[in-house]
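Below: the structure, in structure tokens.
Computed from the coordinates by the stated procedures, all read-outs in this text should not be read as laboratory data. As the structure is a computational prediction, the values presented were derived from the model and not from experiment. Here the Cβ positions follow ideal geometry from the backbone for every residue, glycine too, while neighbour counts run over all protein chains shown.
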Amino acid sequence: ELCPKTSPLLKGTITINLSGLTINETESTKKMSLYWLSVPLYRRPSDCKCRNKTAIIVPFRDREQHLSYFLYYLHRLLHRQQLCYVIFVVDQNDDKPFNRGRLSNVGFKYASNLSNFDCYIIHDVDMIAEDDRIMYTCNRQVVHYTFLLSKFNYNLVYHGYAGGGIGYTKEQFEKTNGFPNEYYGWGGEDDDINIRINEKGFGIYRSPEPFYRFTMIRHGRDSGNPPYVGRMERLGKARQRIDVDGLNSLVITNLKEVKHKTYTRIYITRSRSC
Ligand code: NAG
């Protein structure tokens, strides 16, 4: 039987306590009382057929502690939403500047190859939903979830901000050509997808509900993620580059996958030639 339209398991506000969680704790499947499908790592509700299948794609490097917190809270939330889902952590396994756009494209390609998801959510590892009514599902427009962040006193930081967590259907991701691959380091790639999404006529949806709040884990600047100096120049050419830089120009080399109990980790290493 199909799960109800509104899950009876939702509790509303989530109290977030960021201390002392470790990866081991998040891997305790018993604690989370979740069940497995035949596809490894594919979670589903135990007593009804899910209405939605969601892939969570996390561009990642060197944030193990954040990942513990992230997995701990997100598994509980997705379980209460009665979703079928898989979490993919895409790990940039080299010491080049962090490339969030490229990692997001790799995650989408990998996930959509594995299964047909209704929703592909690109999600930063340091943002945690403060309410389980923030539905991790997609929409006719591309959905931006993380627009009220603790870091910005729960205000939309600027019109057109599309960072943090954003959900696409397969069609939306493919038609907007995903993320740009050519932003190296911090900043701009999220402003670039905002342009893509609007140019291709989808638009961005932000819920009017006041409970769409996210805690952002405090951290210093990562040494491998310096601000990308050329980002404004790149952004200026974003419109012309939609169809030439993105999912369709992605070259994947040296991909390795490791299946953990609660998520799949994909390592990508840039070879010297690209
Ligand atoms: C903007 C950044 C954006 C970032 C946002 C919030 C640029 C061009 N854009 O200024 O990437 O997500 O701040 O911190 O730098």
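Summary table
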quantity	calculated
Global form of the chain, assessed from the alpha-carbon gyration tensor, a/c cut-off 1.5	rounded
Euclidean distance between Cα centres, the range 203-266 to the range 50-126, Å	11
Members of Lys175/Lys200; Lys109/Lys175; Lys96/Lys259; Lys11/Lys49; Lys53/Lys151; Lys11/Lys170 lying beyond 18 Å, as alpha-carbon distances in this model show	Lys96/Lys259; Lys11/Lys49; Lys53/Lys151; Lys11/Lys170
Simple label model, 7 Å out from Cα along Cβ direction - Phe152 to Glu171, nm	2.9
Length added when fully stretched, Asn113-Thr269, from 0.36 nm per residue minus Cα-Cα	54.2 nm
Among beta bridges that DSSP assigns inside the chain, antiparallel share in %, nearest 5	45
FRET efficiency for Lys11 and Ser249, using Cβ-Cβ distance with R0 set to 30 Å, rounded to 0.05	0.10
Cβ charges +1 (Lys, Arg) and -1 (Asp, Glu), total dipole of the range 65-212, debye	340
Sites Lys237 and Ser19, calculated FRET efficiency, Cβ-Cβ separation with R0 41 Å, nearest 0.05	0.40
Cα lying deepest toward the dipole's positive end in the chain, options Gly246, Ser46, Leu83, charges on Cβ	Ser46
Low-density loop positions, chymotrypsin sites (Phe, Trp or Tyr not before Pro), the range 173-274 - DSSP coil, at most 16 other Cβ in 10 Å	Phe211
Virtual spin-label span in nm between Asp62 and Asp94, 7 Å along Cα→Cβ	1.6
